[in-house]
């Protein structure tokens, strides 16, 4: 794979995509829930998706549209839909394309909310699933041969930090005409799945995109639909053929709006989209800085933390994902690393001694964050699920922020020293 990111290009692109040169230079907020139409004919055209004007805020508004255009360009996609949360983005795509009796293949480790959505909520509506490791290509290909309709995986396992062979999985999905959705939350700019051939890239924009923890949101970005031979025209997607044939290259967006957003209402709000755009202005600077810091922090902690506390990050030679990290993620794989204290009691004692690091259930923030996994996000998961997802009793997930890496290391080292006294 080995994609590389020109951060200088994105520095300029994002700053000048968010703001304007003339008039208000900050993005504007359109908080209206409803929109007036010029006449009955225009209303008809808007509802038929023939006139590109706001219909009703549940299916989008001008502030959301601005955010969607920026992120679509950033990801190299054709279009995007902003949602109320990252889980809203994944739920929107799944409910738009999957029906009772369909199967969703999930590859690798997953954030707890995604695992619960697939394994519990979608299952209640008759959508089956199978899970496998990132390198279980026998299982992956057998599932694709069965004619499943969608594959979902994370660019980087959260919190397992397992790294998938992204290009190989995408190529297999395309060979078998199967939709592939990648959760790219941990790796904006570092990985551009749509340019690698993926169909859908989703983000929790609450995290890296915003950076400030002030705006809950999500976004799904879509590729352009081909005029001929597109996988959406395969017989297994017959229930959306009418929309594909009518809407052509932009079909992913009306499929998701008509079959999910309109009825489930997981729409972003204008203020949240505004705040996300404010974060996007500095995204490339933050991604570059944080991914440099993560490697340094991981290395120093692996050397300085006392025996009995282990550190995991793919940049470390001891990591089982180190080779793939070096070949496929040359500029980093996001803000996460993990610290394992062995037991819940030791993990609690360690966390309670931190002075600078914030204990909270978020990642991708400007500040360094930490959280014990089994007592929080994975507290109601059984042992089998925790083992598959790479979560055990002593695991602490850390999201590295913008602070000086030496200060971050110093806080963890003093905490480890203090709780051992």
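The values are calculated or read from the model by the stated rules, or taken from the named source; none is laboratory data. This is a predicted model, so every value here is computed, not measured. Virtual Cβ from ideal backbone geometry, glycine too; neighbours counted across all protein chains shown.
Things to note:
- The lone exception for residue 17 - which of (1) surrounded by fewer than 17 Cβ atoms within 10 Å (Cβ to Cβ); (2) closer than 17 Å to residue 279 by Cα it fails: (1)
- Those residues of the stretch 368-378 which are touching a residue at least 40 places away in the same chain (Cβ under 8 Å) and out of contact with any helix residue (DSSP H, G or I) (no Cβ under 7 Å at 6 or more places or on another chain), in sequence order: 373
- Of the residues making up the stretch 199-240, those that are farther than 29 Å from residue 402 by Cβ and either surrounded by 15 or more Cβ atoms within 10 Å (Cβ to Cβ) or touching a helix residue (DSSP H, G or I) at 6+ places or on another chain (Cβ under 8 Å) (or both) number 15.
- When the stretch 100-143 is filtered for residues that are under 22 Å from residue 377 (Cβ atoms) and part of a strand (DSSP E or B), the ones remaining, listed by number, are 104, 106, 107, 129, 131, 132.
- Criterion: under 25 Å from residue 199 (Cβ atoms) and either in contact (Cβ under 8 Å) with a residue 40 or more places away in the chain or not assigned by TED's automatic domain parsing to the domain that holds residue 325 (or both) - qualifying residue of 23, 76: 76
- Residue 358 passes every criterion in (1) surrounded by fewer than 18 Cβ atoms within 10 Å (Cβ to Cβ); (2) out of contact with any strand residue (DSSP E or B) (no Cβ under 8 Å at 6 or more places or on another chain) apart from (2).
- Index of the failed condition, residue 380 passing every other in (1) in a loop (DSSP other than H, G, I, E, B); (2) over 16 Å from residue 340 (Cα atoms); (3) at pLDDT 95 or above: (3)
- Residue list for the stretch 261-285, restricted to those being under 19 Å from the mean Cα position of the chain (by Cα), in a helix (DSSP H, G or I) and over 30 Å from residue 402 (Cα atoms): 261
- Figure legend. Inter-residue proximity from the stretch 338-349: first residues in contact (Cβ under 8 Å) with a residue 60 or more places away in the chain and outside the structural domain of residue 109 (by TED's automatic domain parsing), second residues part of a helix (DSSP H, G or I) and surrounded by 16 or more Cβ atoms within 10 Å (Cβ to Cβ), beta-carbon distance below 9 Å, spacing 6+ or different chains. Indicated pairs: 339/301; 339/347; 339/350; 339/412; 339/416; 346/419; 349/415; 349/419.
- Some residue of the stretch 156-178 being surrounded by fewer than 24 Cβ atoms within 10 Å (Cβ to Cβ) and either under 30 Å from residue 56 (Cα atoms) or not assigned by TED's automatic domain parsing to the domain that holds residue 130 (or both): no
Rundown of residues vs (1) modelled with pLDDT of 95 or more; (2) at positive phi; (3) part of a loop (DSSP other than H, G, I, E, B), yes/no style:
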{"residue": "187", "(1), (2), (3)": "yes, no, yes"}
{"residue": "206", "(1), (2), (3)": "yes, no, yes"}
{"residue": "214", "(1), (2), (3)": "yes, no, yes"}
{"residue": "228", "(1), (2), (3)": "no, no, yes"}
{"residue": "239", "(1), (2), (3)": "yes, no, no"}
{"residue": "249", "(1), (2), (3)": "yes, no, no"}
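- Options 24, 54; residue that is farther than 17 Å from residue 188 by Cβ, assigned to a loop (DSSP other than H, G, I, E, B), out of contact with any helix residue (DSSP H, G or I) (no Cβ under 7 Å at 6 or more places or on another chain) and modelled with pLDDT under 95: 24
- Scan of the stretch 79-99 for residues that are outside any helix (DSSP H, G or I) and either farther than 23 Å from residue 280 by Cβ or outside the structural domain of residue 222 (by TED's automatic domain parsing) (or both), ordered by number: 98, 99
- Any hit, the stretch 52-64, residues being without any contact (Cβ under 8 Å) to a residue 12 or more places away in the chain and under 20 Å from residue 180 (Cα atoms): no
- The set of residues in the stretch 296-319 being over 21 Å from the mean Cα position of the chain (by Cα), touching a residue at least 24 places away in the same chain (Cβ under 8 Å) and either under 23 Å from residue 3 (Cβ atoms) or assigned to a loop (DSSP other than H, G, I, E, B) (or both) consists of 296, 298, 305, 306, 308, 309, 319.
- Filtered residues of the stretch 36-51 (kept if modelled with pLDDT under 95, surrounded by fewer than 16 Cβ atoms within 10 Å (Cβ to Cβ) and part of a loop (DSSP other than H, G, I, E, B)): 48, 50, 51
- One residue from 60, 77, 113, 108 being touching a helix residue (DSSP H, G or I) at 6+ places or on another chain (Cβ under 6 Å) and modelled with pLDDT under 95: 113
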